[in-house]
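Colleague: Got a structure for you, written out below as structure tokens; questions coming shortly.
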Amino acid sequence: MPSTPSAPVLLGNEPGSFPHSVLAERHPAVIRQVREAFPYGPEQHRALDALLDSCTKGVIEELPADAHDRDRWQAWGLGQYAGRSWFDVPWLWSESYFYRRLLEAVGYFAPGPWQGIDPFRPFKLAELDSPETDEELAALDALESEPPPRRAAALLHGSLWGNRADLGFRLSAAGAQAARATQPAPGLVADDSETLWSLLPPSRAGTLCLVADNAGRELVPDLLLVAHLLAHGSAERAVLHVKPYPYYVSDATTADVVDAVRRLTAAPGAAAGYGRRLWSALTDGRLTVRAHPFSCSPLPYAAMPGDLREEFGAATLTVFKGDLNYRRLVGDHLWPPTTPFADVTDHFPGPVAALRTLKSDVITGLDASTEAALDATEGGHWRVGGVHALIQVRP
Ligand SMILES: O=P(O)(O)OC[C@@]1(O)O[C@H](CO)[C@@H](O)[C@@H]1O
């Protein structure tokens, strides 16, 4: 990336900054929420107390000697960061490690009765079963009479704005306020959708990779978009990348994909048809689910391993959903907002797109006039408020 100016890596150690608020306020709230959602035993409560203490006042600790993924975390930088404050290491690293330690505290990894029990599942299911989801699915009926390109555009926007359905974000006051302030639908700060569609013509054979973000009300529209693209020949195959374990509260795992597809098949109207098509695409291999360990890595995608690089390199297009995936795609730096998206993604091995609502300080690819207008009307809040969105593509 020779022409890209360097920019500072985001850390969480500046009081008053968004990253600091996530470490100091959102993480304790996540611990509280999880503790209240399950009848955990004394050992788990003690482990949650210890994590709360460590992540707010203590230092990053090594994983237990017998942890199944100790070597992996060493390779991802644990040796370098152990002993340092959670606030002084790269913010992305600190957040990812928090979720890893939270799962350990509730017994998610250890053989025993709590192994594999997703501590965020009650919140994800509540959202999937909500009346809002019913309404969104009912809206599909009206789309049926639209010509396929208009339907595709509507489904793309459904998937994009579905990214507001992020349960971690709603844990912070700013997030809740932003969700209220978003009526009617706010504008896009960058829109490369024409380029995106040019990479997915109806006759094109090829593989679409979609790197999913949140379960529930984001994953459902993601799946609807994938079903449409498969049905209309824009992709011969699709690969849905999900998280291998629960992460950032509402990130989608394989279990969440199953819940979402079952929700669709059981719905009335057109939604059930989408569900049946997805079910058969999963069954015959046109749609596959991948849960690569790197999906929960604390590192940017520039550092992805060879197998993933090969896979993305062979895809017609890879779509990254959501704020965190955007941070990992472009690098978690405080870039000047006009830094070209093509420059910060030139490490990526194939055509790549980002669909994201803006919920953190990282931003690239803006016009100078757009940046100036946003700053003038909203101060810095537009970066983190979840009110704006972008569609960016590097062919
Ligand atoms: O990736 P998502 O679900 O769109 O958003 C993730 C998020 O809520 O969590 C991070 C802070 O904890 C930020 O990247 C962003 O605010």
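Colleague: May I have the convex hull volume per residue, in Å³, for the Cα set of the stretch 230-331?
Modeller: With only Cα atoms used, the stretch 230-331 gives 116 Å³ per residue.
Colleague: Would you grab the residues whose amide H sits under 5 Å from the one on residue 241? Only those 5+ places off in sequence or on another chain, please, with H modelled 1.01 Å from N.
Modeller: 210, 211, 212, 290
Colleague: Normalise the Debye intensity by I(0) for the chain, one equal point scatterer per Cα, no solvent, then take log10 at q = 0.08, 0.10, 0.13 Å⁻¹ and round to two decimals.
Modeller: -0.40, -0.64, -1.13
Colleague: Of all the stretches in the chain, which is the longest one without any exposed loop site, taking trypsin sites (Lys or Arg not before Pro) in a DSSP loop (any state but H, G, I, E, B) with at most 16 other Cβ atoms within 10 Å?
Modeller: Here the longest segment lacking exposed loop sites spans 205-395.
Colleague: Need the C-alpha centroid separation for the stretch 74-89 versus the stretch 340-371, integer Å.
Modeller: Going from one Cα centre to the other spans 27 Å.
Colleague: Can you compute the helix-only [θ] at 222 nm over the chain? Use -39500 (n - 2.57) per DSSP H run of at least 4 residues, normalise by all residues, nearest 500 deg cm²/dmol.
Modeller: One gets -13500 deg cm²/dmol as the mean residue ellipticity at 222 nm.
Colleague: Each residue of the stretch 130-141 in turn: what ³J(HN,Hα) in whole Hz from Karplus with 6.51, -1.76, 1.60 and θ = phi - 60°, glycine and Pro shown as x?
Modeller: Result, ordered by residue: 6, x, 4, 5, 4, 5, 5, 6, 5, 5, 5, 4 Hz.
Colleague: Let me ask something else. Label the stretch 18-119 by shape, choosing from rounded, prolate and oblate, from the square roots a ≥ b ≥ c of the eigenvalues of the Cα gyration tensor; if a/c is under 1.5 it is rounded, and otherwise prolate applies when a/b is larger than b/c, oblate when it is not.
Modeller: Oblate.
Colleague: Which residue, 65, 139, 37, tops the fluctuation ranking in a GNM of the chain built on C-alpha contacts under 10 Å?
Modeller: Comparing 65, 139, 37 in the GNM, the peak value goes to 65.
Colleague: Something else: Would you mind calculating the gained length between residue 289 and residue 68 on full extension (0.36 nm times residue separation, minus the Cα-Cα distance), in nm to one decimal?
Modeller: The residue 289-residue 68 span can extend by a further 77.3 nm.
Colleague: Sorting 99, 326 on the 10 Å Cβ count, fewest up front, what's the list?
Modeller: 99, 326
Colleague: Under a straight-distance cross-link criterion of Cα-Cα below 28 Å, which lysines are reachable from residue 57, leaving out those fewer than 8 residues away in the same chain?
Modeller: Here the lysines satisfying the reach criterion relative to residue 57 are 359.
Colleague: Can you pull the Rg over Rh of the stretch 319-395, Cα-only, Kirkwood?
Modeller: Reported Rg/Rh (Cα atoms, Kirkwood Rh): 0.94.
Colleague: What is the gain in length, in nm to one decimal, between residue 36 and residue 129 on full extension, counting 0.36 nm per residue of separation less the C-alpha to C-alpha distance?
Modeller: Full-extension gain reported as 31.5 nm.
Colleague: Just the Kirkwood number for the stretch 1-77, please: inverse of mean 1/r across all distinct Cα pairs, in Å, one decimal.
Modeller: Result for the stretch 1-77, one decimal place: 15.3 Å.
Laboratory data are not the source of any read-out in this text; all were calculated from the coordinates shown. Quantities reported herein were computed from a predicted structural model and do not represent experimental measurements. Reconstructed Cβ throughout: ideal geometry from the backbone, glycine too, with neighbour counts over all protein chains shown.
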